[in-house]
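Asker: Quick one: the structure is below, questions incoming.
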Amino acid sequence: MTPIVHGLENEFHDQVIFVSLNALDDAEGQRTFEALNLPGHPSFMLFTPDGVEVYRSFGIVEAESLRAAVENALNSMATTDEP
């Protein structure tokens with residue numbers, strides 16, 4: 001999944017902040033996974049800038065599915081910004 005995520009990070013670098021955490025690090029990653037009730041790796045979440053969760057997925061995800069989720073999130077935020 002890392003190459004897919006890095007590819008999306010390169011593609012959307014000017015629109016999305018990507019954060020990678022390790023659920024088994026006995027530190028921030030583990031605390032975050034527990035707080036968000038994530039089952040483990042890989043888990044993917046998308047949030048709006050104000051912290052509203054708009055996407056959650058667990059397990060292997062096809063690159064196009066993850067790209068579509070990012071694009072949908074960006075598009076939905078763009079439409080809510082319009083007057």
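The values are calculated or read from the model by the stated rules, or taken from the named source; none is laboratory data. Since this is a predicted model, take the numbers as computed values, not measurements. No Cβ is skipped: glycine too gets one built from the backbone with ideal geometry, and neighbour counts run over all protein chains shown.
Asker: Condition first: surrounded by 14 or more Cβ atoms within 10 Å (Cβ to Cβ), at pLDDT below 95 and over 11 Å from the mean Cα position of the chain (by Cα). Can you find one or more residues in the range 43-50 that meet it?
Answerer: no
Asker: Val61: in a loop (DSSP other than H, G, I, E, B) and surrounded by 14 or more Cβ atoms within 10 Å (Cβ to Cβ), yes or no? Before you say what the answer is, go through the steps one by one.
Answerer: Details: in a loop (DSSP other than H, G, I, E, B): yes; surrounded by 14 or more Cβ atoms within 10 Å (Cβ to Cβ): yes.
Taking the combined requirement at face value, the residue satisfies it.
Asker: Follow-up. Taking Ile17 as meeting all but one of (1) in a helix (DSSP H, G or I); (2) out of contact with any helix residue (DSSP H, G or I) (no Cβ under 8 Å at 6 or more places or on another chain), write down the number of the exception.
Answerer: Failing condition for Ile17: (1).
Quick grid of which residues meet (1) touching a Phe, Trp or Tyr at 6+ places or on another chain (Cβ under 8 Å); (2) over 20 Å from Ala78 (Cα atoms); (3) polar (S, T, N, Q):
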| residue | (1), (2), (3) |
| --- | --- |
| Asn10 | no, yes, yes |
| His13 | no, no, no |
| Asn22 | no, yes, yes |
| Thr32 | no, yes, yes |
| Leu36 | no, yes, no |
| Phe47 | no, no, no |
| Asp50 | no, no, no |
| Gly59 | no, yes, no |
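Asker: Give Arg56, Arg31 a once-over and let me know the one that is basic (Lys, Arg), assigned to a strand (DSSP E or B) and surrounded by fewer than 16 Cβ atoms within 10 Å (Cβ to Cβ).
Answerer: That would be Arg56, the only listed residue that is basic (Lys, Arg), assigned to a strand (DSSP E or B) and surrounded by fewer than 16 Cβ atoms within 10 Å (Cβ to Cβ).
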